[in-house]
Amino acid sequence: MIKLTNRTLLAALAVVLLMSFSGSGQKPGAEYKNKYQDAEVAQFDVQPDVKFPQENMDGMMAEIVQELQKIKKFRLVARAGEAPESHDPTMRIVGTVTKYQAGSQAKRYLIGFGAGKTKIVAHVKFIDKASGIILLEKDVDGKVVFGLFGGQSKTSLRDVGKEIGEVIKKNFF
């Protein structure tokens with residue numbers, strides 16, 4: 001009888017631990033589906049050891065806003081500080097660029113086979129703005145491996161925004 005009780009307690013503890021697991025990488029619950037009417041995109045940080053050019057950051061932030069507007073799930077999408085104050089449920093998107101490989105369009109064009117690949121990886125948090133609760137954390141990336149005339153490296157900036165949009169559609173709408 002004591003073994004059964006110990007097993008029961010152990011199983012209950014395991015269930016409690018699984019249920020209390022924070023939002024890091026875990027899919028948000030049904031209470032967040034279709035809840036957010038506005039999205040606020042905060043300026044991303046760059047991990048100290050990553051050499052990510054400021055002009056790329058500006059371009060990436062603009063692409064993220066544009067891609068979130070394209071999914072047509074939010075009433076308003078804006079950069080932090082640019083939107084009027086709203087009392088509607090707002091999702092705040094923050095992130096950190098954790099990897100950047102500059103790549104080379106010329107190498108992609110002339111050599112091919114993955115040479116000159118451009119890649120950006122960002123760790124993104126989707127946060128309920130009012131409560132500060134992290135709803136979901138996810139690594140997203142953008143890359144250019146090939147394309148017409150070697151593909152343009154700025155496509156990787158747009159791909160980060162597209163992947164963030166896909167994560168939002170899949171998990172929140």
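The values are calculated or read from the model by the stated rules, or taken from the named source; none is laboratory data. Keep in mind the model is a prediction, meaning the values are calculated, not measured. Glycine gets a Cβ as well: all are built from the backbone with ideal geometry, and neighbour counts include every protein chain shown.
Scanning segment 117-151 for residues that are modelled with pLDDT of 55 or more and part of a loop (DSSP other than H, G, I, E, B), which turns out farthest from ILE93 (Cα to Cα)?
The qualifying residue farthest from ILE93 (Cα to Cα) is LYS117.
For segment 83-94, give me the residue count where each residue is without any contact (Cβ under 8 Å) to a residue 60 or more places away in the chain and under 10 Å from the mean Cα position of the chain (by Cα).
Initially, segment 83-94 is screened for residues without any contact (Cβ under 8 Å) to a residue 60 or more places away in the chain, giving 83-90, 92, 94.
This time we only want the ones that are under 10 Å from the mean Cα position of the chain (by Cα), so: 94.
Residues meeting the conditions: 1.
Which members of segment 72-89 meet the condition of being in contact with a strand residue (DSSP E or B) (Cβ under 9 Å, 6 or more places away or on another chain), over 30 Å from VAL50 (Cα atoms) and of a type outside the set (D, E, K, R)?
Scanning segment 72-89 gives PHE74, LEU76, PRO84, SER86, PRO89.
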